[in-house]
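Below is one structure, written out as structure tokens, with a few remarks after it.
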Amino acid sequence: MIHLFINALAASAGGGLTYVRNVLPQFAQREDARVTVLLNPELRSQLASSHCVAFIEQTPPCGVASRFWFEQRHLPRLIRRVRADVLLSTGNFALWNSPVPQILLSRNALYTSRDFLRDLRMRGDYSLWLDTELKAEFARWSIRLADITVAPSRAFAAQLRDWTGVNVTAIQHGFDAESFYADSTPLPEPARRELEATEGVLRLLFVSHYNYYRNFETLIRALPLLRDRLAPKRVCLILTCRLHSEANPGSYSADLADRLVKQLGVANNVIELGSIPYNLLHHLYRACDIYVTAAYAESFAHPLVEAMSSGLPIAAADTEVHREICGESALFFPRMSPVALADQVCRLVQDEELARSSSSKGQLRSRDFSWKEHVQQLIDLAQSRFNGVITQPAEEDSVRMPGGPHLT
């Protein structure tokens, strides 16, 4: 039985959090692997216990740099103590002195995105531009250091290979329809009231907290075009965030998007629900008509799979990752063009057969993604690559690290 140590300290929001929530239940069902997970105590409360999954809770230091140095100093000793065979690093950065073979999960598309760096310069956010450039160098170094680097899509694996000159393995992220639709708890009351107020309105959905690379501004610029072209039918864009900087994780300023909504006079067309619990998102997908995304930097894009499974037709920015995920089920548009986005939405609204085809193809396509298969491929990769590797002897002292982590 192989023993994996999963470093999930960086899983706090977005795709990282979605990943941990979905893979751990799959590991818990395995009989051929044991897993020890290092994670934030806030995330621990959301995960069920299992006889083959142990948790080490650690409140990470504030800031990526502090967390990085904390991991470099303390993780090797902890890995030895729990006698792990393989380290699975989920936060884009490798451990430089890992005592066991290391699989690095690289999933941050910002480090290879010229569009993102151009966007930052346009916004005048030079501190984030410099921060991204520095982290990109650490990420590039990490890929070269790790024994194996895994990307969540073939398209992103190709980007990483071009960027580093290192071979990168693609193991697509998955989807588990049974668990995604399992919770019958209704949406929070404020969100339900907002949706009820849009009864009979064309509901366009975009699931994301606010950030620059999801390209909210292109979505917003498409709204007056859609309002005019589809009149008298009313159109609204439903967001799972609020366009206020302090209401979103990270350091992204939502001021530009907020000003744009006011300048274009589309305040009544933008519904800001705020964050929706992941286990309740399926209610929101099924309450909407079309899923839209203008994101220009993605490594996988979980909401696209969730939208396809929910039967939503999709209009998506034309990127290699989006085409890989959606296949023939979506309509695509140039990622910075609100006019082309509006064109594709209008096609879906005005051509019922096209919308039905997009919906049915998406539902079929969503079945190609499996968290069970993803975990199987990870275990196969670890076992085939590291079979026979001897881990260092376990230390006799208890599993403790500075700052109070504990094993549960």
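The values are calculated or read from the model by the stated rules, or taken from the named source; none is laboratory data. This is a predicted model, so every value here is computed, not measured. Note: ideal-geometry Cβ built from the backbone for every residue, glycine included; neighbour counts use all protein chains shown.
Can you confirm whether LEU341 is in contact with a Phe, Trp or Tyr (Cβ under 6 Å, 6 or more places away or on another chain), buried (at least 23 other Cβ atoms within 10 Å of the Cβ) and either part of a loop (DSSP other than H, G, I, E, B) or not aromatic (Phe, Trp, Tyr) (or both)?
Details: in contact with a Phe, Trp or Tyr (Cβ under 6 Å, 6 or more places away or on another chain): yes; buried (at least 23 other Cβ atoms within 10 Å of the Cβ): yes; either part of a loop (DSSP other than H, G, I, E, B) or not aromatic (Phe, Trp, Tyr) (or both): yes.
Considered against the rule, which asks whether it is in contact with a Phe, Trp or Tyr (Cβ under 6 Å, 6 or more places away or on another chain), buried (at least 23 other Cβ atoms within 10 Å of the Cβ) and either part of a loop (DSSP other than H, G, I, E, B) or not aromatic (Phe, Trp, Tyr) (or both), LEU341 comes out as yes.
Out of curiosity, is ARG144 at pLDDT 95 or above, in the same structural domain as ASN22 (by TED's automatic domain parsing), on the phi < 0 side of the Ramachandran plot and among the basic types (Lys, Arg)? Give the derivation first.
Working: at pLDDT 95 or above: no; in the same structural domain as ASN22 (by TED's automatic domain parsing): yes; on the phi < 0 side of the Ramachandran plot: yes; among the basic types (Lys, Arg): yes.
Here the answer is no, as ARG144 does not meet what is asked.
Only one of GLU328, GLU306 is among the acidic types (Asp, Glu), part of a helix (DSSP H, G or I) and out of contact with any strand residue (DSSP E or B) (no Cβ under 7 Å at 6 or more places or on another chain). Can you tell me which? I'd like the intermediate steps shown before the answer.
Numbers: GLU328 fails: part of a helix (DSSP H, G or I).
Answer to the check: GLU306.
From the list ALA197, ALA155, which residue is of a type in the set (Gly, Ala, Ser) and not assigned by TED's automatic domain parsing to the domain that holds ALA267?
ALA155
Looking only at the range 1-23, filter to residues that are in a loop (DSSP other than H, G, I, E, B) and closer than 23 Å to LEU381 by Cα; which one of those is modelled with the highest pLDDT? Full working, then the answer.
Within the range 1-23, the subset in a loop (DSSP other than H, G, I, E, B) is 1, 8-13.
Cutting the leftovers down to closer than 23 Å to LEU381 by Cα gives us 1, 8-11.
Numbers: MET1: 84, ALA8: 87, LEU9: 81, ALA10: 76, ALA11: 71.
Applying the filter and picking the extreme gives ALA8.
Taking the range 309-325 as the search range and keeping residues that are in a strand (DSSP E or B) and among the small types (Gly, Ala, Ser), which one is farthest from THR198 (Cα to Cα)?
Here is the first cut: in the range 309-325, the residues in a strand (DSSP E or B) are 314-317.
Okay, now just the ones that are also among the small types (Gly, Ala, Ser), so 315-317.
Numbers: ALA315: 21, ALA316: 23, ALA317: 26 Å.
The selected residue is ALA317.
If we keep just the residues of the range 41-58 that are part of a loop (DSSP other than H, G, I, E, B) and at pLDDT below 80, which is farthest from ILE379 (Cα to Cα)?
For the range 41-58, the residue satisfying everything is SER45.
Does the range 139-190 hold any residues that are small (Gly, Ala, Ser) and within 15 Å of GLU324 (Cβ to Cβ), and which are they? Outline the logic, then answer.
Step one: of the range 139-190, the residues small (Gly, Ala, Ser) are 139, 142, 146, 151, 153, 155, 157-158, 165, 170, 174, 177, 179, 182, 184.
Residues satisfying the conditions are ALA151, SER153, ALA155, ALA157, ALA158, ALA170, GLY174.
Just one of the numbered conditions (1) surrounded by fewer than 19 Cβ atoms within 10 Å (Cβ to Cβ); (2) assigned to a loop (DSSP other than H, G, I, E, B) is not true of TYR210; which one?
(1)
Within the range 161-183, does at least one residue satisfy the condition of being within 26 Å of GLY250 (Cβ to Cβ) and more than 23 Å from the chain's Cα centre (by Cα)?
No, the conditions are met nowhere in the range 161-183.
What are the residue pairs meeting all of these: first residue in the range 24-40, first residue touching a residue at least 40 places away in the same chain (Cβ under 8 Å) and in a strand (DSSP E or B), second residue buried (at least 23 other Cβ atoms within 10 Å of the Cβ) and charged (D, E, K, R), Cβ atoms under 9 Å, and 6 or more apart or on different chains?
As it stands, the answer is LEU38/GLU71, since those pairs meet every condition given.
Would you point out the residue of the range 147-194, among those that are under 27 Å from VAL86 (Cα atoms) and β-branched (Val, Ile, Thr), that is surrounded by the most Cβ atoms within 10 Å (Cβ to Cβ)? Give the derivation first.
Looking only at the range 147-194, we keep the residues that are under 27 Å from VAL86 (Cα atoms), and these are 147-176.
So of that shortlist, the ones also β-branched (Val, Ile, Thr) come out as 148-150, 164, 166, 168-169, 171.
Details: ILE148: 18, THR149: 26, VAL150: 23, THR164: 18, VAL166: 14, VAL168: 22, THR169: 16, ILE171: 21.
That would be THR149.
Could you tell me whether LEU226 is within 28 Å of LEU187 (Cα to Cα) and touching a residue at least 60 places away in the same chain (Cβ under 8 Å)? Before you say what the answer is, go through the steps one by one.
On the way: within 28 Å of LEU187 (Cα to Cα): yes; touching a residue at least 60 places away in the same chain (Cβ under 8 Å): yes.
Yes; evaluated as a whole, the condition is true for this residue.
Within the range 304-352, how many residues are under 24 Å from the mean Cα position of the chain (by Cα) and over 16 Å from VAL235 (Cβ atoms)?
Of the residues in that region, 31 qualify.
Tell me, which residue of the range 249-293 that is outside any loop (DSSP other than H, G, I, E, B) and acidic (Asp, Glu) is nearest to SER127 (Cα to Cα)?
Among those that are outside any loop (DSSP other than H, G, I, E, B) and acidic (Asp, Glu), it is ASP255.
For the range 222-254, enumerate the residues that are under 20 Å from the mean Cα position of the chain (by Cα), loosely packed, with under 15 Cβ neighbours inside 10 Å and modelled with pLDDT of 95 or more.
The answer is none; no residue qualifies.
For VAL349, indicate whether it is crowded, with 18+ Cβ neighbours inside 10 Å, in contact with a strand residue (DSSP E or B) (Cβ under 6 Å, 6 or more places away or on another chain), assigned by TED's automatic domain parsing to the domain that holds TYR296 and in a helix (DSSP H, G or I).
On the way: crowded, with 18+ Cβ neighbours inside 10 Å: yes; in contact with a strand residue (DSSP E or B) (Cβ under 6 Å, 6 or more places away or on another chain): no; assigned by TED's automatic domain parsing to the domain that holds TYR296: yes; in a helix (DSSP H, G or I): yes.
So VAL349 does not fit the description; no.
Table: residues versus (1) of a type in the set (S, T, N, Q); (2) closer than 30 Å to SER184 by Cα; (3) crowded, with 19+ Cβ neighbours inside 10 Å; (4) touching a residue at least 24 places away in the same chain (Cβ under 8 Å).
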| residue | (1), (2), (3), (4) |
| --- | --- |
| VAL261 | no, no, yes, yes |
| VAL266 | no, no, yes, yes |
| VAL270 | no, yes, yes, yes |
| TYR278 | no, yes, no, yes |
| ALA287 | no, yes, no, yes |
| VAL292 | no, yes, yes, yes |
| ALA297 | no, no, yes, yes |
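From the set of residues in the range 93-137 that are among the aromatic types (Phe, Trp, Tyr) and surrounded by fewer than 16 Cβ atoms within 10 Å (Cβ to Cβ), which is farthest from VAL20 (Cα to Cα)? I'd like the intermediate steps shown before the answer.
If we filter the range 93-137 for residues that are among the aromatic types (Phe, Trp, Tyr), which is where we start, we get 93, 96, 111, 116, 126, 129.
If we keep only those that are surrounded by fewer than 16 Cβ atoms within 10 Å (Cβ to Cβ) too, we end up with 96, 126.
On the way: TRP96: 23, TYR126: 32 Å.
Step by step, filter the range 93-137, then rank; the result is TYR126.
If you go through the range 55-69, how many residues are hydrophobic (A, V, I, L, M, F, W, C) and surrounded by 18 or more Cβ atoms within 10 Å (Cβ to Cβ)? First the steps, then the outcome.
Of all residues in the range 55-69, those hydrophobic (A, V, I, L, M, F, W, C) come to 55-56, 62, 64-65, 68-69.
If we keep only those that are surrounded by 18 or more Cβ atoms within 10 Å (Cβ to Cβ) too, we end up with 55-56, 68.
Going through the range 55-69 one residue at a time, the tally reaches 3.
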